[in-house]
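The values are calculated or read from the model by the stated rules, or taken from the named source; none is laboratory data. For clarity, every value in this text was computed on a predicted model and none was experimentally measured. Don't worry about glycine lacking a Cβ; one is built from the backbone with ideal geometry, like all the others, and counts go over all protein chains shown.
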Amino acid sequence: MRGFNLMNIVGIRVVIDPSWLFIFFLVVWSLATGYFPEAHPPIQGGAAWILGVVAALLLFGSVLVHELSHALLAQRAGIPVPRIRLFLFGGVSEMASEPQNPGTEVRIAAAGPLTSFALAILFYLLSVTGLPSLINGGRQVVDYVAALNLALGLFNLLPGFPLDGGRILRAWLWARSGNLLSATRTAGRAGSVVGFGLMGLGFLQLVKNHNLGGLWLMVIGIFLNQAASASYEFLLLRDTLSGYRVRHIMTQPVITVPEHASLEELANEYFFRHPRGSFPVTSGDRFAGMVSLDQLKGVPREEWNRTPVRQIMTPAASLRPLDPDDDCATALEGMVRGVVGRLPVVVGGRIAGILSRRDVMQLFKIRSDLGS
Ligand SMILES: [Zn+2]
């Protein structure tokens, strides 16, 4: 996964997407060249840049606190949150599963905006005490962070899934119909509508007022649109494939390549005869690794005769083979994330079958065509 680790808090890994660094610079730049020079009293030059960095750090810290509030409530409801990813305009708490019931979903979703509002009030009160004014520009920083926390809370309440407001909408629909899937579809459509709305608004701002902030809104709109349809599709996939285990659709028996075979044999006896992207490799009757067409192509042809498969394969130790009892949707998720087309199914060190992305998608198609 793209991004680098910032820290670990209560067992949650906080990952920063590279896009964040760009946004960070953009925020500092707009503060140093726009907000501070136009503030009362105006602040210019180096001081404006330093205050810009301070304000941006406080703002991004606020986003992190917002996400942490979701994550902590999710954890309290028994939903593991392995990771918080901070990117573009905000963050995502990556929950390992959907909330068990609408009530839990509302609590987890509402925590974020409520936290942002609390932070806004906190910074506002701090500004009122007059303490920040002791430092030149201090009040402007605190006012800015208060205003942005208020905006963050309000924005997240927009009723489009997967924004917090959209999650609350979904919980409400879910509570009414008892059907999580249809609730997600409707809330996701609302997410698309909000996304298109933001894009349109951004476009107008860009064209009519020549305001670059419009570009910002457009990016957020596009993102929201994609996220809305992706989360519905994923849930549909999960729902359609629920109850299916890897052993139900894995391919058996498996064509395996002995590890001492040469690449020449690998090409002629395997890839040409059975057109697939990869084959499991065995050592005796033990599963030893996987070898792919790309790995074969990486070796010059004149070396094929004297190179054994063992030398170019991905060894079993660096693969995460499936278990026959693994859930199909989870397996597919792993394949999509790892960009692999076929995963070995291994029992007690021996290969028991192979699961291909195509097989899972085929099952998904059949199940959705026939209706489940
Ligand atoms: Zn949120």
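Given the criteria more than 14 Å from the ligand (Cβ to nearest atom) and touching a residue at least 40 places away in the same chain (Cβ under 8 Å), does Val141 qualify? The answer is yes for Val141.
So for segment 36-44 (the condition being within 16 Å of the ligand (Cβ to nearest atom), assigned to a helix (DSSP H, G or I) and in the same structural domain as Phe123 (by TED's automatic domain parsing)), does at least one residue qualify?
Taking segment 36-44 first, the residues within 16 Å of the ligand (Cβ to nearest atom) are none.
For segment 36-44, residues within 16 Å of the ligand (Cβ to nearest atom), assigned to a helix (DSSP H, G or I) and in the same structural domain as Phe123 (by TED's automatic domain parsing): absent.
Of the helices (runs of 4 or more DSSP H) entirely within segment 169-255, those holding at least 2 residues that are at pLDDT 85 or above and buried (at least 20 other Cβ atoms within 10 Å of the Cβ) occupy 180-208, 213-241. Scoring Asn149 on the criteria (1) on the phi < 0 side of the Ramachandran plot; (2) more than 24 Å from the chain's Cα centre (by Cα) leaves a single failure, condition (2). The set of residues in segment 235-274 being under 33 Å from the mean Cα position of the chain (by Cα) and without any contact (Cβ under 8 Å) to a residue 40 or more places away in the chain consists of Gly243 alone.
Condition check ((1) touching a Gly at 6+ places or on another chain (Cβ under 8 Å); (2) loosely packed, with under 14 Cβ neighbours inside 10 Å; (3) outside the structural domain of Leu236 (by TED's automatic domain parsing)) across all residues:
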site	(1), (2), (3)
Phe22	no, yes, yes
Phe25	no, yes, yes
Leu51	yes, no, yes
Ser69	yes, no, yes
Arg76	no, yes, yes
Gln100	yes, yes, yes
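Exactly one residue out of Val106, Val54, Val63 is in contact (Cβ under 8 Å) with a residue 40 or more places away in the chain, part of a helix (DSSP H, G or I) and out of contact with any Phe, Trp or Tyr (no Cβ under 9 Å at 6 or more places or on another chain): that is Val54.
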